[in-house]
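Q: The structure under discussion is supplied below as structure tokens; questions concerning it will follow.
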Amino acid sequence: MFAPIRPSPIIPSCMRASPGLSVGRGVPPLPTRGCWFSPFEPPWWEMGMFCPESRQRSPNVSPASTSTVESPFKKGDAVIYPQHGAGRVVAVEKRTIGDVERQYLVIELELQDLRVWVPCDEAEQVGVREPTPKDELDDLFELLADHDVRIPSNFSRRMKNNQSRMNDGDVWQLAEVVRNLAIRRSKKHLSPSEKTLYAHARNLLVAELALSMGKSHEKAEAAIDERLPEPGEDS
């Protein structure tokens with residue numbers, strides 16, 4: 001299981017997770033450290049709406065304003081958000097939460113119909129990064145094609161190792177998860193939890209490599225599958 005969510009300091013007490021998102025085995029945790037997700041624009045608590053649990057009006061936040069102050073990324077940049085995949089910066093906004101004014105990257109996620117607000121001064125610490133450079137793709141494909149690896153036979157150890165790699169947010173670790181689970185699938189039947197994790201890891205890797213290659217998801221997926229072993233008969 002993934003670690004439990006710790007409430008974000010800027011999310012009202014009634015809003016621990018975004019509407020429509022669940023957290024469980026094989027599903028990535030929501031971000032902490034001052035980030036928040038919302039399928040709405042602006043976040044519903046900024047519009048003076050009622051918190052569903054407390055039924056008390058949430059504190060109003062000053063309206064967002066576009067900021068041109070230097071930030072790690074600019075509007076239009078493609079980025080990778082750890083465990084949630086490829087996205088694009090749609091705005092850089094200045095918001096005042098309580099007495100604290102901060103700049104936020106507004107990232108629209110590709111694999112989920114959500115936007116995430118990340119404080120600019122914590123973007124690197126949270127793990128927001130650029131997609132894999134093109135000059136590293138050959139090495140990444142070599143990693144996927146290297147099937148001479150030792151995979152733990154113990155289920156708990158495999159899940160722990162794979163989830164640890166997923167939490168890292170590094171594309172090389174992500175590629176190892178995809179490769180190792182594909183190798184396991186070619187020899188043994190994957191458990192339901194591993195199938196869920198494999199599908200999620202594949203989606204993240206496909207989305208990132210599609211950005212890096214400048215190709216469609218279908219072509220990126222085909223390039224990945226060329227390097228992975230064929231699934232076993234009972235997979």
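Q: Would you list which lysines come within 29 Å of Lys188, measuring only between C-alpha atoms, while excluding same-chain residues fewer than 8 positions from it?
A: In chain and number order, the partners are Lys160, Lys219.
Q: Which lysines, if any, have their Cα less than 25 Å from the Cα of Lys215, not counting same-chain residues under 8 positions apart?
A: The qualifying lysines are Lys74, Lys75, Lys134.
Every number here is computed from the coordinates shown, using simple stated rules; none is lab data. The structure presented is a predicted model; accordingly, all values stated were derived computationally and were not measured.
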